[in-house]
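Structure first, then comments.
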Amino acid sequence: MTRDPRYDILFEPIRIGPVTARNRFYQVPHCNGMGYRDASALAAMRGMKAEGGWAVVCTEMVEVHSGSDVAPYVELRNWDDQDIPTLARIADRIHEHKSLAGIELCHSGYTAANLYSRETPMAPMAMNVSTYHFDPVHARAMDKDDISNLRKIHRAAALRGKKAGYDLIYVYAGHGLGIFQQFLSRATNDRIDEYGGSLANRARLLREVIEDTKDAVGDTCAVPVRIAMSEFLGADGLEPNEVEDAIGMMAELPDLWDLSLAAWPKDSQTSRFSEEGFQEPYIKGVKKLTTKPVVGVGRYTSPDTMVRVIRQGIMDMIGAARPSIADPYLPKKIEEGRIDDIRECIGCNICVTGDYTKTPLRCTQNPSMGEEWRKGWHPERIRQKEKDAQILIIGAGPAGLEAGRALGQRGYQVTIADAAREAGGRVALECRLPGLAAWGRVRDWRLLQIGKMPNVNLYLESELTADTALEFGADHIVCATGARWRRDGAGHHQYLPVPVAAAIEVLTPDDLMSGMRPRGKEAVIFDDDHYYMASVLCELLVKEGITVTYVTPASVAAAYTVNTMEQKIIQARLLDIGVKIIAGQALSAIEASGPVTSCIYTGKEERHETASLVLVTSRKADDALYQGLKQMGAPVTAIGDAWAPAAIAHAVYAGRRFAEEFEAKPTDVLEVPFRREMIALSV
């Protein structure tokens, strides 16, 4: 297949200062939960992006000094020469595929509490540090010596970046995480000296550091600036017009402008709350201010949209973090005319949870993400079968479809059977809920790939029993039969079932997704799951005219979504649509008149009168078929939710893992099933 000429513009080389990118695809800096701890895994992940055709591949933010320590978060470090080998390993892997390597140097100012280094934080002004744990630490106001030292620190880090082999050395003023943005913003700069007050003064340090960096490394390295176009604080903070004025003052000084929003949750909004290209209104004016290349992001997966933003002069290069995670090979697939093979990002932000939980990056769409080095997985390739086998997969949800796709790619004869009328399992149901339409891509991409494989057959409306499954005569049976939401109240806070009166209507997410509705015009939703489901069901019912009260043992609605950066947006949405939120209440019993809850602090009980109660607490594996086959001695494995319910990303991973390990040498239970980066002890 050949590239559609419409997309030729995406593959034009772009000059960035002293270096040239071979096309317009630019993997902007993004965090990954690996950082300095998992250097080889991180290098392999970045190298995979380069292999897939991204012309520029950048690191995450990289600490420039021990006084800019963001522990417990696991980012890269560039504190001194000891860090150069780690940084070089990443650059080398990027260079293996002829891509440019970028390093995003960062001093985090008041967002670095220095919990590991125990240095005193500093910022443009004296203020509390900003951390998710509300650490009782203050940043002191920087004096002139501190500013001078910061310039020296950044220059030294830039020189180390050059020594490590990087082609682009960033000056970072974005996301509220870079100290140069903190100087630029009125919200964090009350200085009355030459570094405060007017915009020119607040931009002074940014200008000086750009000049310092260009002087230090600009002969061979490009110097991009990443800047936040808005802080969404109104006149109290940075607004697009003022940022454009600042860019205009320095228009030709850096070699590239990388545009973002602040804070990070605004920059990486989920598909539930934003569409592809949602940042365009904030960035569309910058190209008129500079002749230097402009990069922007917006969760772009459509090549037609990419061409449009370039032709309209909105940006010169297509920036991406999440789409490059979902499909590291996105540029190559466009180049090779394989548009329908693009594994499109669903905008769920499960990738972001890696950084928030300090664990390796994962992706709902791309189960190989983060496993390139640890397990040797590749997003496009998988080892071929060693001998023939017929495999029966029961269940066409995310785990079953991924297992079938990957096993088919290996060359096995695969049959997928599902009792439902449509494939997709939970994804087919959930993608019809408010805001989750993009999640259907998990099903659609796998169905498309399976449809190209003559050795994989899918049969719907095909309910199997243990006996009929055995009659099929498969060499191995995979049970991917999913899970069902519980209706007995057991969840995170209450592990055991609670008493349920027969007279009350108790519904679950499965009931609502199948079309059932509360029998009255009001309902209580009890959320002891804490992810997205309960809040989405609130929206569903309110849109249909039902008054909803949301009750949870947590302190906020949808508590886990702090890790996907949606919690505040979700809580605001629920309040805006009139949902009453009652927090800190555990479920004690379900009486005929409604649920009885107790305060998680005092134990004081409260009754909530309702004709209908929706329980969103936990799910139970639908494993009866698996257990029956196992008792009959069949060669059977349960995967995904049928083994242990979890997020969709876990189910997809389970499908890939089964395919990777099928007929491989069994791993001893005492062995670690993946590679680890081990620390060498000091002498």
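The values are calculated or read from the model by the stated rules, or taken from the named source; none is laboratory data. The structure displayed is predicted, hence computed values, not measured ones. Because the Cβ atoms are built from the backbone with ideal geometry, glycine has one as well, and the counts that use them run over all protein chains shown.
Looking for something surrounded by fewer than 18 Cβ atoms within 10 Å (Cβ to Cβ) and under 30 Å from residue 425 (Cβ atoms) - is there at least one such residue anywhere in region 519-534? Yes, there is a match, as at least one residue in region 519-534 is surrounded by fewer than 18 Cβ atoms within 10 Å (Cβ to Cβ) and under 30 Å from residue 425 (Cβ atoms).
Of all residues in region 217-242, those satisfying the criterion of being touching a Leu at 6+ places or on another chain (Cβ under 9 Å), among the charged types (D, E, K, R) and part of a loop (DSSP other than H, G, I, E, B) are 231, 239.
Of the residues 664, 647, 634, 651, the single one that is more than 29 Å from the chain's Cα centre (by Cα), in contact (Cβ under 8 Å) with a residue 40 or more places away in the chain and either surrounded by fewer than 21 Cβ atoms within 10 Å (Cβ to Cβ) or closer than 19 Å to residue 620 by Cβ (or both) is 634.
Within region 361-381, none of the residues are outside any loop (DSSP other than H, G, I, E, B) and farther than 23 Å from residue 25 by Cβ. Summed over region 634-683, residues that are more than 30 Å from residue 345 (Cα to Cα), in contact with a strand residue (DSSP E or B) (Cβ under 7 Å, 6 or more places away or on another chain) and part of a loop (DSSP other than H, G, I, E, B) total 2.
Residue check: is residue 450 β-branched (Val, Ile, Thr) and surrounded by 24 or more Cβ atoms within 10 Å (Cβ to Cβ)? Judged against the criteria, residue 450 is not a match.
Among all residues of region 515-534, there is at least one that is at pLDDT 95 or above, part of a loop (DSSP other than H, G, I, E, B) and among the small types (Gly, Ala, Ser).
Within region 198-220, being more than 17 Å from residue 154 (Cα to Cα) and among the hydrophobic types (A, V, I, L, M, F, W, C) holds for 199, 200.
With the structure loaded, tell me whether residue 344 is closer than 30 Å to residue 566 by Cβ and under 15 Å from the mean Cα position of the chain (by Cα) or whether it fails that test. Yes, satisfied. In the set (1) in a loop (DSSP other than H, G, I, E, B); (2) among the hydrophobic types (A, V, I, L, M, F, W, C); (3) crowded, with 21+ Cβ neighbours inside 10 Å, residue 192 fails one condition alone, (3). Go through the residues of region 86-101 one by one and say whether even a single one is modelled with pLDDT of 95 or more and within 18 Å of residue 206 (Cβ to Cβ). No, region 86-101 contains no residue that is modelled with pLDDT of 95 or more and within 18 Å of residue 206 (Cβ to Cβ). Sub-6 Å Cβ pairs linking a first residue in region 454-473 that is in the same structural domain as residue 405 (by TED's automatic domain parsing) and surrounded by 11 or more Cβ atoms within 10 Å (Cβ to Cβ) to a second residue that is part of a helix (DSSP H, G or I) and not basic (Lys, Arg), at least 6 apart or interchain, are 455/408; 456/404; 456/408; 456/450; 466/628; 466/629, ordered by first then second residue. In summary, helices (runs of 4 or more DSSP H) completely within region 258-337 and bearing 2 or more residues that are of a type in the set (A, V, I, L, M, F, W, C) occur at 303-311, 322-326, 330-335. Taking residue 304, is it within 28 Å of residue 568 (Cβ to Cβ) and in contact (Cβ under 8 Å) with a residue 40 or more places away in the chain? So residue 304 fails the test.
Part of a loop (DSSP other than H, G, I, E, B) and touching a strand residue (DSSP E or B) at 6+ places or on another chain (Cβ under 6 Å), is that true of residue 433? Judged against the criteria, residue 433 is not a match.
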